[in-house]
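Each remark here refers to the structure printed beneath this line.
Since every read-out is calculated from the coordinates, none of them should be taken as a lab result. Bear in mind the structure is a predicted one, so any value in this text is a computation, not a measurement. No Cβ is skipped: glycine too gets one built from the backbone with ideal geometry, and neighbour counts run over all protein chains shown.
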Amino acid sequence: MKAIRQLIRNPFTRGAFFSLCVIAFVGIFSPLLTPYSPIDAKPEDRLLPPGHLHYFGTDELGRDIFSRIIAGTRVSVGIALFAILLSALVGTFIGSFSGFIGRWIDQVIMRSTDVLLAFPTLVLALALSAALGPSIVNAALAIAIVKLPIYTRLARTQALSVSHTLFVKAAKTFGVSSPWIVRRHIVPNLLTPIIVQISLDIGDAILLIATLGFLGLGAQPPTPEWGAMISTGWNYLLDQWWYPTFTGAAIFIAVIVFNIIGDGIRDLLDPKAGE
Amino acid sequence: MSELVLEIKNLSLSFDTQGASASILKNVELHIGPGEIVGLVGESGSGKSVTALAISKLLPTQITKFSSGSIVFNGIDILASSETEVAKLRGKRIGFVFQEPMTALNPTMTIGKQLFHVIRRHSELTKTEALAKVRTALEEVLISKPEVVENQYPFQLSGGMRQRVVIAMAMAANPTLLIADEPTTALDVTVQAEILNLIAKLAKDHGTAVLLISHDLGVIANSCSRVTVLYAGEVVESGIVSEVLRKPQHPYTQALIKSLPDIADRDSLLETIAGEFPDLRNRPEGCIYAPRCPKKFEACEVRPMLRIAKDLHSVACWAVETTEK
Amino acid sequence: MLRLIRARLAMLVIVLFGVSIITFLMAHVLPGDPTAALAGPHPSQETLNSIRTQFGLDKPLPVQYIKYLSNLFHGNLGTSIRSQQPITQEILAFFPATLELVTVAFLLAIGIGIPLGVIAAVKKNTFSDYVIRLFAVGGVSIPLFWGGLVMILIFYAKLGWLPASGRLDIELSSPETITGFYFIDALFGGDKETFINVLKHLVMPSLALGYVQLAFIVRQVRSSMLDALSQDYYLTGRANGLSHRFLVVRYALRNALIPSITIIGLSFGSLLGGAVVTETVFDWPGMGKYVTDSILGRDFPAIMGFTVVIALAYVIINLLVDLLVYSLDPQTRK
């Protein structure tokens, strides 16, 4: 609550915060907000320009683009959130045990993260989702894997510093079980840096999902996913410019909102890293 | 006495950040004559460094608010001068030595180059002359192998050596005033004396006036002719060093001296000052030291002015008999 | 220095070994079965089996891996399903175009990004700072393909100033290969029309690709500049009366560059990733276009070949960046 109040105080993050609320609202209530069905084709209305009936025009199957963008909010933002949370959860788990247990397990895990980091993010996501087969769930998995090393390393660093504190050393001596120590002492210390990292990553994940969709590796038709919509819309770029343009603007706005919020949260919780 | 090198009158300033304001200095008075070494003493947070930085206008402009007083350097009104005008004084007329020699030098430039650029900045020397000047400047601060040192990076030098380099840079343009802000605090005890002697010698040779800032009364006692004692941004006492240290008038100065370890009397316990440092966001109306003062009485609810007790020895305390109002 | 290189090379071998395992797993274990793509729709069991035998897919995994590794070691990335040509040769043919695009984008990004980052830090919390930061946050948030799209709509469709695809107009013949960079080759070739045409083709793709990196660079340089500006040595420099410009460049920026270069180097890798999208958008005949075509054609070996090459390039670039940082920092150089 206090964090939200601080976010609102800065005019830069205030705008972003209210936009975020709008995005969340649209995502949650999208079925109620779409003026037309985002899925059903209406061939007689195909490729209409923007007007008062169809704010953003219609696509090649006569579907209302405005409705598809609204429906796509849930898909694109939801999948991005899912991918990052999954990555954070698994990465934190692996990383804290790696740091806590140490020895060769730690070595193996750390070298594995090195290997994953040897690929540019997008290239690895692309190869993984190609290998898993094109679908939106696989795209989410690919993104979760790509982001995994960051969370693993973050968690490991924290786990290492915590496990050297006197308290945990004492707990170890008394034979307290490792899972208990990890849960009670390592996880709470991790929360702040992990939350900061998650908030910084969501925007990037939305971009990645959209990019994979654009390259034909993410959501498949007729799912109203933003990237895939632009991929199809590309064919109509020069004559029906509104088709890919509005959809792209939706991605841009969503990502910039998440990025500004992410920066804001980082500055709040981790002032050193910010300025 | 000839014209003063530095005269600070009634200086008050505060740091204003979003929503909060802290009064850092209140009615500070300080003056330095030509060639004179004046000490400024006080514990950390007393506003010593702020005073020093204010003289060169090096405080962060966005938050610093001057509310009263003046700083006059060699007849120049610093506070009324523009940044460009003050920038011309820095390094040329006012030299600066900071506390932390480990971080005071640019880590990615050789010692020689750093000195070279300072020298070129303040003189009309040609490149060759300036390079020769680098040598002599290093020799003057008693660095034994200047030809080696000038090609080294700061991390390759000890703290004492670095501080010598910093002094060489500060003295390069032969300034009228040298401000040394805790120049020995970060150094080993054995090196401390060398650095202090060096500063004193250079000041004497060049006729440079020095403002020596320290929390260490021992340092002040050995080097300065006069001393000003600062507490929570206010001058509580000021006068000739021997006078102030031997016969401190203000209860704070007395407590400060008592808290020094006394070599002659090993068995006595060190005294600490009871109570807490005041909250500068809410500077009290009355005497700033009253909450911790053992001699507090009714009068202390009004702020005491700095008054002359005797022979240039001034004190801001109601409990002290003074010759003038 | 030598010891550092040796340690880094050892690390590089381990990482590349890991990279080979990952690409192998992706190609051979994950569900996207390459034989299915080869055999076409509704294959008979016999066709599948014969393909499996042909590609050695019936052998146990470790045997397959060793074969794969030895092929990699000899620079053999396999055969493309679509073209039946060796993938190594195909990628090598597309490589210069990608390198040209990425290099120009990178130079644009640092050439504009570093000064903007410095200005934002020096003028912290002023109007210019806010504008630059907004510009930067836009860069990390804009979908590359959408940025390209808007540029095409404006500069090609609306204004007709710039071409929207390829490296060169079709009626012009490509310059004689010297470096593989068209704009350099065209310059040496001496044909002014070709040179200008090449530059026009470069503008939009390199700007679109460079903007993202520029944004990263601005943010990084701004934050390490702010750090450097608050250091004691900067105050000493000011107290010694050094000029503002000199202090900003030789005191602050020189020190801020050390942490920045690591990040800037890493961002070069994401340029390689971004090239995939940019090349697709602008129909740029490079490795990225090659890989998206391979994705559409379900050409699995080609995708994995591309992945290996990019990972190798990325790892080598990071090694070079590390060495650069070490040589910039006097403390590690000695």
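Using a cutoff of 8 angstrom between alpha carbon atoms and counting only pairs six or more residues apart, the relative contact order for segment B:118-267 works out to 15 percent. From most to least packed by mean Cβ count within 10 Å, the peptides B:171-181, C:2-12 give B:171-181, C:2-12.
Among the cysteines of the protein assembly as shown, A:C21, B:C224, B:C293, B:C317 have no other cysteine beta carbon within less than 4.7 Å of their own.
Placing one identical point scatterer on every Cα of the protein assembly as shown and ignoring solvent, what is log10 I(q)/I(0) from the Debye formula at q = 0.10 Å⁻¹? Computed log10 I(q)/I(0) values: -1.20. Reducing segment C:217-253 and segment B:80-123 to their Cα centroids gives an inter-centroid distance of 13 Å.
Stokes-Einstein diffusion coefficient for segment A:2-274 at 20 °C in a medium of 1.002 mPa s, Rh from the Kirkwood formula over Cα pairs: what value in µm²/s? Rounded to a whole number, D works out at 105 µm²/s. Per-residue packing, averaged as other Cβ atoms within 10 Å, sorts the ranges A:120-129, A:254-263, C:103-112 into the order A:120-129, A:254-263, C:103-112, beginning with the highest. Mean sequence separation of contacting Cα pairs (under 8 Å, at least six apart), scaled by the length of segment B:1-56, corresponds to a relative contact order of 33 percent. Three semi-axes describe the equivalent ellipsoid of segment C:87-296; taken as square roots of 5 times the Cα gyration tensor eigenvalues and ordered largest first, they are 37, 18, 17 Å. Label positions at A:T192 and B:N222, each projected 7 Å from the Cα along the C-beta direction, are separated by 4.2 nm. The GluC sites (Glu not before Pro) of segment B:271-308 meeting both criteria, a DSSP state outside H, G, I, E and B (loop) and at most 13 other C-beta atoms within 10 angstrom of the site's C-beta, are B:E271, B:E276, B:E285. Averaged over peptide C:131-141, the number of partner chain Cβ atoms lying within 10 Å of each residue's Cβ comes to 4. Here the relative contact order of chain A, from alpha carbon pairs under 8 Å that lie six or more residues apart, stands at 23 percent. For chain C, excluding the exposed loop sites themselves (GluC sites (Glu not before Pro), DSSP loop, at most 16 other Cβ atoms within 10 Å), the longest remaining stretch covers C:1-170.
Which Cα, out of C:T177, C:A93, C:A105, lies furthest along the positive dipole direction of segment C:87-296 (beta carbon charges, K/R +1, D/E -1)? It is C:A105, whose Cα lies furthest towards the positive end. Only one residue of B:A221, B:L58, B:V118 has its Cα farthest out toward the positive end of the dipole of chain B, where Lys and Arg carry +1 and Asp and Glu -1 on Cβ, and that residue is B:V118.
Cross-link reach is defined here as a Cα-Cα straight distance under 22 Å, omitting same-chain residues fewer than 8 places apart; for B:K113 the lysines meeting it are B:K88, B:K92, B:K127, B:K133, B:K145, C:K334. Across peptide C:19-26, the average count of Cβ atoms from other chains found within 10 Å of a residue's Cβ is 4. Rounded to the nearest 20 debye, the dipole magnitude of segment C:87-296 is 1200 debye, with +1 charges on Lys and Arg beta carbons, -1 on Asp and Glu beta carbons, and the Cα centre as origin. Choose one answer from C:V218, C:V276, C:V150: the residue with the largest mean-square fluctuation in a GNM of chain C with alpha-carbon springs under 10 Å. Fluctuation is largest for C:V150.
With a 10 Å cut-off around each Cβ of B:41-50, the average count of Cβ atoms from other chains is 0.
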